[in-house]
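One structure is given below, encoded as structure tokens.
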């Protein structure tokens, strides 16, 4: 809980996550800074590559602020990537145009010897600098969000060496040598906790944990590799910075979203596009703020479907704490004017 | 319900789907015939390409029977592919080595003019011949399964022109021109109903509907593009062949599995690896047989994790009608001896 006398102007996102009635439904969009904006593509072209964009505060601040100049949103999310952690741990990470991330795969316990947290804060210093500059420049009712990948999802990239539709390499390791794999997970828990604490100290007011590949784990493994490491990580962050609200996003978890909300200590939960709204309202929203879950493809389409899907989300979730967002990130094909359309649809729900 | 006096020997799979107590837990595996078997790769090399393998009864029968020679399974699933329907409707479909299926994309209403059911049964005649030969050759307690892709999933491939992680092209059409997209869906409902009825007449005793990409639809769209077309399709099949049990597999549907089971008319439901077993036992298995849901990667791993995951599935689902299966298809990296290990683990649960 934040004490109200410390807050110069009410922040809708912080209010909802603290159990208070917000002045309006807080609204932000995953990947709100990104390739769908021409000004992003222009700034991007000034960086050597994608990592350079993340590590250059001047450019990262600029792309973070771009969507806020266009749209009436309630939060800025620092521009960065979930794979900065493996990079900072000493793994070779590259982003190749049109191919996505490519990492030197970490397979088995021996490969872990090359990874450590010694250079972590030095490597990630530009991210903290980005946050410091954003904290100074954001208008007061806007909330500054920091983030990281959850240990399981980051591990899937580290072990596979790239994005993988079935997480085969990480699962194979976790299944045949759970004790060895747990060394990697614990390294990620500790490194990510340090990273997030430093983000708070640099100005992040809310943290989001992205567990993009959690949904494909069988229930027992979901508990072991998604819930437990997330709970550990949140314990560490909250022990150091008790007031920071944390939103978790175990994408595709289905009914296991319920276990996740019970057991991880998150203050809010981001739901994917496919999750039943009625189920989420009944089983999640009574305990916690629910964030979501417009289909990014409805935002691409615009028009009738954008309105009707937005209406349905409000009809289902307006009775409890709700943060309006997408169910997954904005896709590059999104027409920027459809985002403006969405913002006005969301505001009209609050009579604004 | 099948009347018992017509059944020469009790078939565990048919019994479970008819609400009877089976002599043992029925067991089969999605993609039980496939690349993980060296004898499959040998037979595959005799065909010009993958479509030729599907359309040559002698070869398709052979690969269907291969896993049954190695393992004590309760069902054979005819060897074919969900994209034979677009091929039979006149769309250009090819399977390129290492690249997966490639189709001439159908985008918008005009492109539908090139598709029709006129040549359907002629094109699919080899599939029916495969089933006829299998029906003659299968040992009596074994059940013969036919299948098709569900309309939504087949449409995603037809519109995108290939597999697509976010089904962007199909969703874009469905969202901007639902009436036009519905023409494609209705064509698929009708063609698939005809195809499945012909499969029953050729000897298929159970049908499975694969809706691989259902889980990513928002709830309202899940109802419109997954549940409604599936319900239509099942109504048509059951009107013609009332006794055939149908298993549905809306992969990734999460809590919407409940709506699917209520509204489609399926006799059994196949659950994906990520679904909570406790939730499935409570919400699905009281109404219907539940099939699943071992992680295919646990089968790759073998050993302890294969045993413990199998045990957990039995612990959760043994109290109701249960068909043991994977939560998704066998992957090519699976060691064939691990399948033997799994069969013996499943049989030992029944004290066999």
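The values are calculated or read from the model by the stated rules, or taken from the named source; none is laboratory data. None of the values given here were measured: they were computed from a predicted structure. Methodologically, a virtual Cβ is constructed for each residue, glycine included, from the backbone with ideal geometry; neighbour enumeration extends over all protein chains shown.
Observations on the model:
- Checklist (1) modelled with pLDDT of 95 or more; (2) surrounded by fewer than 23 Cβ atoms within 10 Å (Cβ to Cβ) applied to residue B:127, failing item: (2)
- In the set (1) surrounded by fewer than 20 Cβ atoms within 10 Å (Cβ to Cβ); (2) more than 14 Å from chain A (Cβ to nearest Cβ), residue B:282 fails one condition alone, (2).
- Subset of region A:36-58 (residues that are without any contact (Cβ under 8 Å) to a residue 60 or more places away in the chain and assigned to a loop (DSSP other than H, G, I, E, B)): A:45, A:46, A:47, A:48, A:49
- Residue B:176 passes every criterion in (1) touching a residue at least 24 places away in the same chain (Cβ under 8 Å); (2) out of contact with any strand residue (DSSP E or B) (no Cβ under 8 Å at 6 or more places or on another chain); (3) surrounded by fewer than 19 Cβ atoms within 10 Å (Cβ to Cβ) apart from (1).
- Qualifying residue in region A:109-121 (condition: within 21 Å of the chain's Cα centre (by Cα), closer than 29 Å to residue A:140 by Cβ and buried (at least 21 other Cβ atoms within 10 Å of the Cβ)): no
- For region B:280-288, the criterion of being touching a residue at least 60 places away in the same chain (Cβ under 8 Å), over 16 Å from residue A:275 (Cα atoms) and under 19 Å from the mean Cα position of the chain (by Cα) is met by no residue.
- Any hit, region B:330-342, residues being within 8 Å of chain A (Cβ to nearest Cβ), touching a residue at least 40 places away in the same chain (Cβ under 8 Å) and under 21 Å from residue A:169 (Cβ atoms): yes
- As a summary of the residue check, residue A:276 satisfies the conditions (1) in contact with a strand residue (DSSP E or B) (Cβ under 9 Å, 6 or more places away or on another chain); (2) more than 17 Å from residue A:323 (Cβ to Cβ) except for the one numbered (1).
- The test for being closer than 25 Å to residue B:41 by Cβ, at the interface with chain A (Cβ under 10 Å from one of its Cβ atoms), surrounded by fewer than 23 Cβ atoms within 10 Å (Cβ to Cβ) and out of contact with any strand residue (DSSP E or B) (no Cβ under 7 Å at 6 or more places or on another chain) holds for residue B:301.
- Inside region B:59-73, residues that are surrounded by fewer than 23 Cβ atoms within 10 Å (Cβ to Cβ) and within 19 Å of residue B:122 (Cβ to Cβ) make up a count of 0.
- Only one entry of B:88, B:33, B:76 meets the criterion of being buried (at least 21 other Cβ atoms within 10 Å of the Cβ) and assigned to a loop (DSSP other than H, G, I, E, B), and that entry is B:33.
- Among the criteria (1) loosely packed, with under 15 Cβ neighbours inside 10 Å; (2) closer than 30 Å to residue B:119 by Cβ, the one residue B:55 does not fulfil is (1).
For (1) over 22 Å from residue A:272 (Cα atoms); (2) within 12 Å of chain A (Cβ to nearest Cβ); (3) buried (at least 19 other Cβ atoms within 10 Å of the Cβ), each residue gets a yes or a no:
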site: B:181; (1), (2), (3): yes, yes, yes
site: B:188; (1), (2), (3): yes, no, yes
site: B:195; (1), (2), (3): yes, no, yes
site: B:216; (1), (2), (3): no, yes, yes
site: B:220; (1), (2), (3): no, yes, no
site: B:235; (1), (2), (3): yes, no, no
site: B:244; (1), (2), (3): yes, no, yes
site: B:252; (1), (2), (3): no, yes, yes
site: B:260; (1), (2), (3): no, yes, yes
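- Filter result for the condition that a residue is farther than 27 Å from residue B:287 by Cα and not in a loop (DSSP other than H, G, I, E, B), over B:16, B:61: B:61
- When residues of region A:135-179 are limited to those that are away from chain B (no Cβ under 14 Å), assigned to a helix (DSSP H, G or I) and out of contact with any helix residue (DSSP H, G or I) (no Cβ under 8 Å at 6 or more places or on another chain), the one farthest from residue A:32 (Cα to Cα): A:136
- Being buried (at least 23 other Cβ atoms within 10 Å of the Cβ), in contact with a strand residue (DSSP E or B) (Cβ under 6 Å, 6 or more places away or on another chain) and more than 10 Å from chain A (Cβ to nearest Cβ) is a property that residue B:210 lacks.
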